[in-house]
Amino acid sequence: MTHSDPSHSKALVDTPQPGRRRWRWALAGVATLAAVVTGAVATKALDHGPFWRPGAFMMGSFSPAAVEDRVDRMIRHLAIEIDANADQQEKLRAIAKTAVKDLIPLREKAQAARERGHVLLTQPAIDRAAIEALRAEQMALADQASRRFAQALGDAAEVLTVEQRRKIDDRVTWLRNRWHGWHRG
C-alpha cells in the first residue's frame, strides 16, 4: 500500500491516536484555564486599575464604593470619546453599575474557589475527582460571568448610535494593534 492510497489515508484518520487524545485534553485544560482567567479578569477589572499594576490582578482590597466611583469615571471618559449625551451617559452608568453588582458575588465565589484549588493541590494525596468538580464549577462560574458581561454589552450597544459604536470599535482596534505591537517586542 502506498501513501497515496486513499484507503490508507482514511485508516490514519479513523484510527484514534493516544498522542492526539492527550493533546485534546491539554487543549481543553488550556481553554478551561483561559475561561477562568477571563472570568476573573472581568470581575476584577473595575476595582484595581490597570491589570499590569502589581497586586492588581486577582488580589488586593475591594471596595464597592470604589467600584462605583470607577464605573462613573469610566462612563464619563467613554462619553467624551464617543460624544454621548447626558441621557445616554445615565443609561450607560445604570447598565454598568447593575452589571458590576451582579458580578461582585461571582468574584467572591472565584476567590473562594482559588483557595479551594490551593488546598486541593497542596494536599499529600491528590483528589482528582475534587479537582474535576472544582474545574466544572469554575467553568460554570466563568460562563455565568461571561453571559452577564455579554448582556451588559448588548444593553449598552442599544443605548448608543451606530456612529458611537463605530468610534468604540475604532478605539478598541487601535488599542489592540498597539498592544499587539508592544507585546511582540
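Values in this text are rule-based calculations from the coordinates and carry no lab data. Quantities reported herein were computed from a predicted structural model and do not represent experimental measurements. Cβ: placed from backbone, ideal geometry, glycine included. Neighbour counts: every protein chain shown.
Things to note:
- Neighbours of Leu175 by Cβ distance under 13 Å: Lys/Arg scored +1, Asp/Glu scored -1, total +1.
- Extension gain for the segment Ser146 to Lys97, taken as residue separation times 0.36 nm less the Cα-Cα distance, is 16.0 nm to one decimal.
- Cα gyration tensor, region 123-185 - rounded (a/c under 1.5), prolate or oblate: oblate
- Summed side-chain charge close to Glu90 - residues other than Glu90 whose Cβ falls under 12 Å, Lys, Arg +1, Asp, Glu -1: +2
- Taking every Cα-Cα distance in region 56-185 and sorting them into 5 Å bins from zero, the calculated P(r) comes out as 2, 9, 14, 15, 15, 15, 13, 8, 5, 3, 1, 0 percent.
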